[in-house]
Protein chains: 2
Amino acid sequence: MSDSTSITMKDIARDLGVSVATVSRALKDSPRISAEKREEIKRYAREHNFFPNIIAESLRKSKVQPIKIIGVIIPQLNHFYFSSILSGIEEEASLRGYRLMVAQSQENYENEVNICRAFSESKVCGIIVSQAKNTAKYDHFQRLIDQGVPLVFYDRISTGVNASRVVVDDYMGAYAAVTHLIETGCKRIAYYGTSLTMEIGKNRYNGYRDALLKHGMQPDDQLIKNCDNRADAETITPDVMRLPQPPDAFFAVNDDTAIGILYSCKRMGFHIPEDVSICGFTNGQRAIACDPMLTTVEQRGIRVGEEAASILIDQVEGTLPKDKVEKRVVRTRLIIRGTTR
Amino acid sequence: MSDSTSITMKDIARDLGVSVATVSRALKDSPRISAEKREEIKRYAREHNFFPNIIAESLRKSKVQPIKIIGVIIPQLNHFYFSSILSGIEEEASLRGYRLMVAQSQENYENEVNICRAFSESKVCGIIVSQAKNTAKYDHFQRLIDQGVPLVFYDRISTGVNASRVVVDDYMGAYAAVTHLIETGCKRIAYYGTSLTMEIGKNRYNGYRDALLKHGMQPDDQLIKNCDNRADAETITPDVMRLPQPPDAFFAVNDDTAIGILYSCKRMGFHIPEDVSICGFTNGQRAIACDPMLTTVEQRGIRVGEEAASILIDQVEGTLPKDKVEKRVVRTRLIIRGTTR
């Protein structure tokens, strides 16, 4: 081992059998590293008198190059999935020495155009964006690409420009959820989802359909509803449950809708999950607040954010060619709780 | 009315009897303006051929002065209350032509120091911050103030530096909640809160105690617990409910804790709110996902963020003197739902 006065992150990494990035993350309290591992690394660093000189590090960086700024456009900050993604972007960016400029479009196309302009004037080195719901023209994005500003889309993908993107595996998430319902004995599985014109809606529906077909079941139009929020779910579920052949399970495209189904069924006297199984998609704070807790597909916003920032920074630094269109898919995870058998 | 080709925001404001700020906000789809009012203003603008030339406006601004950047330090982005506050800061800042640089401290003092340094190097015009839980030295904040960078604290107030601050009215929020419990017939009200060494803990406890005293009740030490999360609440509540004289109501300092109490009591066979009333504090997404929905004190994160940004920008622009320490308190609101009678 090196002399204790000159131990480096590299030494710590070698001694503990982890990567230098893991040591750096642990010392910065990154939630990406488990609490136990962080404590182990921090203890080892303390015991070997290693104190990262953050100020010196920051000064050194700023001498070599001006601080680089990434522009981030979020439809709405006050939204669990988007704030998780922002958290992941911020973490990856700060670990790699970048700062974030953040703006919300409020789901408004004009605001989005305005933000792109302001980011461009602020000389951001790249932009990470999920477009507003009503964005149907893409000149503001194309202009940035033409100026050589790399763009990475997350969650909502623009079909109008050819840029890098990070999405979650909606198809496999839905497929795994519906397979779990089938394997726990459900025979008639309803689907509540968004319009099939949206990528998300299409991919999740296809995952649902293919899981049924794979197990010898046919999708039944009576059980497939265009419904993606709690209020609508509470309105339509009583009629669905009064069909001559009611469903014994529901797969919903988000947790909010699943919770609407859950409380509708409970109010009608059904027991969950004995009479009816329910699975959502998101795994936000609501999923563990409802009773019983919701089985759901975890959407991993933090990971999506980290991947988006990682692509962008690699393009800015030339590790990835700027004009390469990089498409990454983050795997979802099925979280089994009390609303399924 | 003016000629339709030259109608201005001022004209629209006058014709509809609202302020110019309201018109500007409505045209930018600010959620601060109700959906109906926004639609009314946007319709009127459309009917009178008013299209705000956002690009021209943005260009004009950037000619007069470089875009000003506010630095925002958030302990954790992936946290409902903080992301609501950030949303409010972003909204106010963008309406007034400012941009945000955002960083999370991950509740780590060293990260916070590093961020302050980076913000200072990035020439931010001011900083809005909620300090990390383990911050106990304040040189990094004092240095910024000494450099003439205005600082505004939100939520967690630094006792070590004398700077402007925005908090919610914790005392009145707790007082109103406990008064509601008393007025709906509760006789023995338990309190689950944070340490009295923290401002928030002290103020909410005092509100609880004073509401009891005002109604001729005495606080009972057996019913006052240091508990501020769901896991702990689920651990201790069964013992509390088995006391010789168990409580018939709980006031908890956050929704998470309240939900722990709720499910503990339900598992023990108590009916909510017939046997036991429960009131939380936050009003996040969890509050409407639990069953029954939670009565709680709304903490109004968006409003806190708007106030913080407003103080900072006023100080930057000289409307408020830079060295004036401005203290604002945002009123809380009691939201009555299904966990109280």
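The values are calculated or read from the model by the stated rules, or taken from the named source; none is laboratory data. As the structure is a prediction and not an experimental result, all values here were calculated from the model. No Cβ is skipped: glycine too gets one built from the backbone with ideal geometry, and neighbour counts run over all protein chains shown. The area values use the complete protein model at the heavy-atom level, side chains included, leaving out ligands, DNA and RNA. Shrake-Rupley method; radii C 1.70, N 1.55, O 1.52, S 1.80 Å.
Scan the range B:249-285 for residues that are open to solvent by 10 Å² or more (accessible area, probe 1.4 Å), within 11 Å of chain A (Cβ to nearest Cβ) and within 24 Å of B:P219 (Cβ to Cβ) and the total you get is 3. Inside the range A:16-50, residues that are more than 12 Å from chain B (Cβ to nearest Cβ), modelled with pLDDT under 85, surrounded by 15 or more Cβ atoms within 10 Å (Cβ to Cβ) and not in a helix (DSSP H, G or I) make up a count of 2.
Condition check for B:N206 on (1) more than 12 Å from chain A (Cβ to nearest Cβ); (2) under 28 Å from A:R230 (Cβ atoms): one failure, at (2).
Looking at B:I55, is it at pLDDT 80 or above, open to solvent by less than 80 Å² (accessible area, probe 1.4 Å), of a type in the set (A, V, I, L, M) and more than 30 Å from B:C116 (Cβ to Cβ)? Walk me through it before giving the result.
Working: at pLDDT 80 or above: no; open to solvent by less than 80 Å² (accessible area, probe 1.4 Å): yes; of a type in the set (A, V, I, L, M): yes; more than 30 Å from B:C116 (Cβ to Cβ): yes.
It is false that B:I55 is at pLDDT 80 or above, open to solvent by less than 80 Å² (accessible area, probe 1.4 Å), of a type in the set (A, V, I, L, M) and more than 30 Å from B:C116 (Cβ to Cβ).
Taken over the range B:286-339, the criterion of being assigned to a loop (DSSP other than H, G, I, E, B), away from chain A (no Cβ under 14 Å) and either acidic (D, E) or surrounded by fewer than 24 Cβ atoms within 10 Å (Cβ to Cβ) (or both) is satisfied by B:G318, B:T319, B:L320, B:P321, B:K322, B:D323, B:K324, B:V325, B:E326, B:R331, B:I336. Going through (1) within 21 Å of the chain's Cα centre (by Cα); (2) polar (S, T, N, Q); (3) away from every other protein chain (no Cβ under 13 Å) one by one, B:Q104 falls short only on (3). Criterion applied to B:G216, B:G207, B:G185 was being among the small types (G, A, S), closer than 16 Å to B:V276 by Cα and at pLDDT 95 or above, and the one residue passing it is B:G185.
In this structure, is A:V168 more than 14 Å from chain B (Cβ to nearest Cβ) and either modelled with pLDDT under 90 or touching a helix residue (DSSP H, G or I) at 6+ places or on another chain (Cβ under 6 Å) (or both)? Here the answer is no, as A:V168 does not meet what is asked. Of the residues in the range B:89-98, at least one is over 11 Å from B:V72 (Cβ atoms), more than 9 Å from chain A (Cβ to nearest Cβ) and among the acidic types (D, E).
Restricted to the range A:1-15, and to residues there that are open to solvent by 40 Å² or more (accessible area, probe 1.4 Å) and among the hydrophobic types (A, V, I, L, M, F, W, C), the residue that is modelled with the highest pLDDT is A:M9.
Would you kindly identify the strands (runs of 3 or more DSSP E) lying entirely within the range A:61-148 that contain at least 1 residues that are open to solvent by less than 10 Å² (accessible area, probe 1.4 Å) and more than 30 Å from A:Q285 (Cβ to Cβ)?
Numbers: elements: A:68-74, A:98-104, A:126-129.
Qualifying strands (runs of 3 or more DSSP E): A:126-129.
Only one entry of B:D139, B:D146, B:D155 meets the criterion of being within 28 Å of B:L100 (Cβ to Cβ) and within 14 Å of another protein chain (Cβ to nearest Cβ), and that entry is B:D139. Against the condition among the hydrophobic types (A, V, I, L, M, F, W, C), touching a residue at least 12 places away in the same chain (Cβ under 8 Å), open to solvent by less than 10 Å² (accessible area, probe 1.4 Å) and assigned to a helix (DSSP H, G or I), how does A:A233 come out, does it pass? Yes, satisfied.
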